[in-house]
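The values are calculated or read from the model by the stated rules, or taken from the named source; none is laboratory data. As the structure is a prediction and not an experimental result, all values here were calculated from the model. Note: ideal-geometry Cβ built from the backbone for every residue, glycine included; neighbour counts use all protein chains shown. Heads up: the accessible areas ignore ligands, DNA and RNA and are worked out on the full protein's heavy atoms, side chains in. Shrake-Rupley method; radii C 1.70, N 1.55, O 1.52, S 1.80 Å.
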Amino acid sequence: MANETVHEDASGKVGSPRLLPWTHDGKTCWLSAASEGGMLSSMADAMEAEQMRDGREVLAQARGLLEASDKLGVHELRFIASRPAEGLSDALRVAESRGIRLGIVDPTPDDDAEEMDDEGLKAGE
């Protein structure tokens, strides 16, 4: 779907497209505002909830590892650096998606942020 700022659905309601919590071949995925309440919208809701749960679990694990910071090795430090960064990326995408739907955030993609995210994940691997 094209990156439109506003979309009019079949009933004449105007809304913004929904930023989905996944990508396809590294590209942003959008869902038409007219599809709100449909199967893909429900899948996106479920995935966002799962991403937020995963983020809380990763944060708890990272905090637990930091309590024993004098015993941390390279693998633990890599976990503490990379997994929370992935969770933060997911949480920011959820926040951006919800902000767009509330009319708070412009739905124009931030190519620089996506490039930094892709480069950051590659560097951490």
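The residues of the range 12-87 present an accessible area of 64 Å² per residue when probed at 1.4 Å with all protein chains retained. On the beta carbon distance between LEU72 and SER41, with R0 = 35 Å, the FRET formula returns roughly 0.25. The distance between label points at GLN61 and VAL105 comes to 2.5 nm (points 7 Å beyond Cα on the Cα→Cβ vector).
For ILE100, what is the net charge nearby, where nearby means another residue's Cβ is under 9 Å from its Cβ and Lys, Arg count +1, Asp, Glu -1?
Values: positive: ARG18, ARG98, ARG101; negative: GLU96, ASP106.
Every neighbour counted, the sum reads +1.
Per-residue accessible area (protein heavy atoms, 1.4 Å probe) orders LEU31, LEU102 as LEU102, LEU31, starting from the largest.
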